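The block underneath contains the structure these notes are about, expressed in structure tokens.
All of the numbers you see were taken from the coordinates with simple rules; none came from a lab. Bear in mind that the values here come from a model prediction, so they are computed numbers and not experimental data. In this analysis, Cβ positions are derived from the backbone assuming ideal geometry, glycine residues included, and neighbour counts consider all displayed protein chains.
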């Protein structure tokens, strides 16, 4: 797995890079060649924040954890991503490497996680109106929603604005 390690406003030491590569090698059994991992180290408000995103065959796995140390945050991220993979294993088997969920050693105990069923409880449709991202944020706030789907008046593409955990806003646009 190709790994990219980035430090936001900090330098990542070689020890951490080696630790990340060692911990992420655990996932090699799940992914074919071409999988990429992006790891971001960051210190915010006295806490160590770690974000791990793995991209494999068009599927993204992501975990972001805050802890007292980067080691603890890394362990929590690894557990979280492994839980995501195990929880969705039947749906993922076609996309991931064949036999990824077979245990090579029968003595190895693989924890079973109950698969979540996807239930659409409500379907809602509405007319999309061309607007700027600023107008979409205003509309989202007026509706007191966490996200808002709209058509960008400049690019004429369907976009999404959303409220981030830090109180700022994000914009999702399709790739061309």
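Things to note:
- The equivalent ellipsoid that matches the C-alpha gyration tensor of the stretch 130-172 spans semi-axes of 17, 11, 7 angstrom, in descending order.
- With R₀ set to 35 Å, the beta-carbon distance separating residue 125 from residue 43 gives a calculated FRET efficiency near 0.20.
- The order of the peptides 144-152, 166-174 by mean Cβ neighbours within 10 Å, most packed first, is 144-152, 166-174.
- Fraction of antiparallel bridges per DSSP, the stretch 2-92 only, in percent to nearest 5: 70 percent
- Calculated diffusion of the stretch 2-92, Stokes-Einstein form, Kirkwood radius summed over Cα pairs, 10 °C and 1.306 mPa s, µm²/s: 118 µm²/s
- Annotation for residue 155 and residue 18: the two label points, set 7 Å from Cα along the Cα-Cβ direction, are 4.2 nm apart.
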